[in-house]
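See below for the structure under consideration.
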Amino acid sequence: MLEIKNLHVSAGGQEILRGVDLVVNAGEVHAIMGPNGSGKSTLSYVLAGRPGYEITGGSIHYFGEDLTTLQPEMRAAKGIFLGFQYPVEIPGVATMTFLKHAINAQRKTRGEDELDAMGVMKLVQREAGKLKISADMLKRPVNTGFSGGEKKRCEILQMAVLQPLLAVLDETDSGLDVDALRLVGDGISGLRAPDRAMIVITHYQRLLDHIVPDFVHVLAKGKITRSGGRELALELDREGYGETAPQTRITAGA
Amino acid sequence: MRHYAKTGLPTRKQEAWRWTDLTPLYDHLGKPSAPAPSTASPLAGPFAAIDCWRLTFINGVLQNSSADLPAGVRAISLRAALNEDASLAANLSAGEGAAFLSLNTALLNDGAFIHLAPDVRLLKPLHLVFFNTGNAQIRNLVMLAPRAAMTLLESHYGAPDANYFVNQASDVHMAEGARLSHYRDQAESPNALHFQYLNARLEAHCAYDGFTLTRGARLSRYEAHIAINGAETDCSLNGVTMLDGAQLSDTTCVMAHLAPASRSSQMFRNVLAGQSQGVFQGLIRVAKAAQRTDARQQIKALLLSPKAVQNAKPELEILADDVKCAHGASAGQLDEAALFYLRARGINEAQARALLIAAFLDDAVAQIRGGNGVDAAEIRNPLQAAIGAWLARQLAVTHV
Ligand SMILES: Nc1ncnc2c1ncn2[C@@H]1O[C@H](COP(=O)(O)OP(=O)(O)OP(=O)(O)O)[C@@H](O)[C@H]1O
Ligand SMILES: [Mg+2]
């Protein structure tokens, strides 16, 4: 589904990713962990197509297609979803209106029929209920004045209604209390499917208790320095990144 | 005419005209007002579908009468009103120190005279439609007796290719407890010059709710002088300005609090494309007697192109000590982070821009309070549709 080869990315004149390799197949869940500032969010932005990140080397292919030339909206329509580490506040645009625009924009791009207001409402309310997002919150402007936890739940709501094929979730667990973590964890696990892959960026094992990854990678200083199974996350949780990078400890991964 | 001859047209050397170059006007001076054309243009614009009483003016000349107005309401041509009662002229501001007002007073064609008797409340709006094909000097006089209430709509538009100069002045007198909702759509033809002078005097316990959508004319100025003369009065003056190409639009407002415990709020949102220029000059004046005044003013401009310019000069002149005043002016570009967020959800770039700009402008549209015979939504919705249509054209998207 996704094949990243020797990816180099710069932003603001500074090299951030320095040769990332990653292969993700349908049905897989990959966790990416790594110290602050190592380039995890940068990788997620590059996958979603954020302007301002320059690819200076390497390649990204998605279903065999060169992803790097596609506009962000086209990537979204083709099934790529980015759950933002810091969801953006959009004053003046009601959440429900935004969801309707997003759902129908993607459907239109894919050549599918648009949903009417009723159809959108039913779909959104069903998923919002599971995440305990109130009707009142859906009336409020996108993320505006939402608490940290509410923003993250709303990201998962968007993922649930947009039904992506590749979800990149950037620290969707940070800022969540125990109950919200369970809701979000269940929300994400519920979306696991044979034709859907996920890249879950996190600092903590606790999200991975809810959504057990097939692979765990460590991104440090712009490179994937270690890869392993779920036990790598447990080890990192115990021991930290202190010893990361020695070449000999790299385990076979994706 | 004497005052006008003495002072002539203002120039940019005068502080109140610092950013507005009047050179395009010179061509029109000395030309008389145009006669009405034989065929009127169909009623258009955001207020066209609202159930109203309507008076249509072509080049300032009233074309019809509204026979079915309720008792206690007069809406006739100003000339007719002055012929009946010459003493009404005392209610027209003379325009000392204001060149366009002097010009208007000197060359006046006609306009509307609206009078509501005490306690009369209009159950639907009165709509003044100003259609222009040539020069016009228009004067309106609106007098609301105590506790009278109405919604007054104004549409200003013209023949699409006409090159004309419209200079309109309105005097609004609100007696104690009167309520006026005053919503305007300035959609003059692209070559037109449009000058609008509002002189309003509000006594105690009044409520004035004003909104102007400015989108037409090559050069336009909306100059409002509001004197809050009584206590516990609410004055709200808001607007959206959308400019493109070489358009220049100037909003100049003096909000004078002369009595205690009144509130005023002004919210303006401008979106500027092309090489257009927005000007905002806003003075809040709080007299010594106007204790417990609450006055707010906020102007924000969104620049869609590197060549668009917004000039803003908010000013406070406060002589009372117990007042709440807040003012702010800013100009900037669209929030790139928000734009990317929308695009990452599949909304294409143009559509995402349109959504964000509409949301930005909606701050001002949302100030429209309605009441006085019309629901806020009846006014807001068609204005939002007009804004959406402009954005759709601007960004080449199918709908907003
Ligand atoms: N647009 C940019 N311009 C300049 N530097 C940038 C830009 N974006 C990211 N960086 C820098 O690149 C590095 C990686 O940032 P990134 O946000 O990808 O880290 P991260 O791994 O997600 O960290 P965290 O765990 O704190 O979220 C940081 O040093 C950051 O300051
Ligand atoms: Mg990050």
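The values are calculated or read from the model by the stated rules, or taken from the named source; none is laboratory data. Nothing here was measured: the structure is a model prediction, and the numbers come from that model. Neighbour counts run over all protein chains shown; Cβ positions are idealised from the backbone, glycine included. Note: accessible area is taken over every heavy atom of the protein model, side chains too, but ligands, DNA and RNA are not part of it. Shrake-Rupley method; radii C 1.70, N 1.55, O 1.52, S 1.80 Å.
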Conditions (1) in a loop (DSSP other than H, G, I, E, B); (2) within 16 Å of ligand 2 (Cβ to nearest atom): number failed by A:ILE16
(1)
Scanning for something in contact with a Leu (Cβ under 7 Å, 6 or more places away or on another chain), on the phi < 0 side of the Ramachandran plot and open to solvent by 60 Å² or more (accessible area, probe 1.4 Å), does segment B:351-373 turn up at least one residue?
yes
Hey, among A:LEU207, A:LEU169, which residue is crowded, with 21+ Cβ neighbours inside 10 Å and over 26 Å from A:ALA102 (Cα atoms)?
A:LEU207
I'd like the residue in segment A:1-42 that is over 23 Å from A:LEU234 (Cβ atoms) and of a type in the set (Asp, Glu) and, out of all such residues, is farthest from ligand 1 (Cβ to nearest atom).
A:GLU3
Pick from segment A:212-228 the residues that are open to solvent by less than 20 Å² (accessible area, probe 1.4 Å) and closer than 27 Å to A:ASP186 by Cβ: which of them is farthest from ligand 2 (Cβ to nearest atom)?
A:GLY228
Could you list, in sequence order, the residues of segment B:311-348 that are open to solvent by 60 Å² or more (accessible area, probe 1.4 Å) and facing chain A (nearest Cβ under 7 Å)?
B:ASN348
Name, by its number, the condition in (1) away from ligand 2 (no atom under 16 Å from the Cβ); (2) under 28 Å from A:ASP209 (Cα atoms); (3) in contact with a Leu (Cβ under 7 Å, 6 or more places away or on another chain) that does not hold for A:VAL120.
(2)
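Which strands (runs of 3 or more DSSP E) does segment B:184-270 wholly contain that include 3 or more residues that are of a type in the set (Gly, Ala, Ser)? Break it down into steps so the answer makes sense when it comes.
Numbers: elements: B:193-202, B:207-214, B:219-228, B:234-243, B:248-257.
Qualifying strands (runs of 3 or more DSSP E): B:219-228.
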Residue selected from segment A:24-81 under the condition farther than 16 Å from A:LEU7 by Cα, part of a loop (DSSP other than H, G, I, E, B) and open to solvent by less than 10 Å² (accessible area, probe 1.4 Å), by the criterion farthest from the other protein chains (Cβ to nearest Cβ)
A:GLY34
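From the list B:ARG139, B:ARG74, B:ARG121, pick out the single residue that is surrounded by 22 or more Cβ atoms within 10 Å (Cβ to Cβ) and modelled with pLDDT of 90 or more. Let's see the steps before the verdict.
Working: B:ARG74 fails: surrounded by 22 or more Cβ atoms within 10 Å (Cβ to Cβ); B:ARG121 fails: surrounded by 22 or more Cβ atoms within 10 Å (Cβ to Cβ).
None of the others qualify; the one that does is B:ARG139.
Can you name every residue in segment B:256-278 that is crowded, with 23+ Cβ neighbours inside 10 Å and among the aliphatic types (A, V, I, L, M)? Please lay out each step first, then the result.
If we filter segment B:256-278 for residues that are crowded, with 23+ Cβ neighbours inside 10 Å, which is where we start, we get B:257, B:262, B:264, B:266, B:268-272, B:276, B:278.
Once the filter is applied, which keeps residues that are crowded, with 23+ Cβ neighbours inside 10 Å and among the aliphatic types (A, V, I, L, M), segment B:256-278 yields B:VAL271, B:LEU272.
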Considering only residues that are polar (S, T, N, Q) and touching a residue at least 40 places away in the same chain (Cβ under 8 Å), look in segment A:43-73 and name the one that is nearest to ligand 1 (Cβ to nearest atom).
A:SER44
Out of B:ALA200, B:ALA231, B:ALA227, report the one residue that is within 17 Å of B:ARG285 (Cα to Cα) and out of contact with any Ser or Thr (no Cβ under 9 Å at 6 or more places or on another chain).
B:ALA227
Residue count for segment A:97-113, restricted to those that are more than 25 Å from A:MET198 (Cα to Cα) and part of a helix (DSSP H, G or I):
1
Are any residues in segment B:180-202 open to solvent by 10 Å² or more (accessible area, probe 1.4 Å) and either touching a Lys or Arg at 6+ places or on another chain (Cβ under 8 Å) or without any contact (Cβ under 8 Å) to a residue 40 or more places away in the chain (or both), and if so, which ones?
B:ALA187, B:PRO190, B:ASN191, B:ARG201
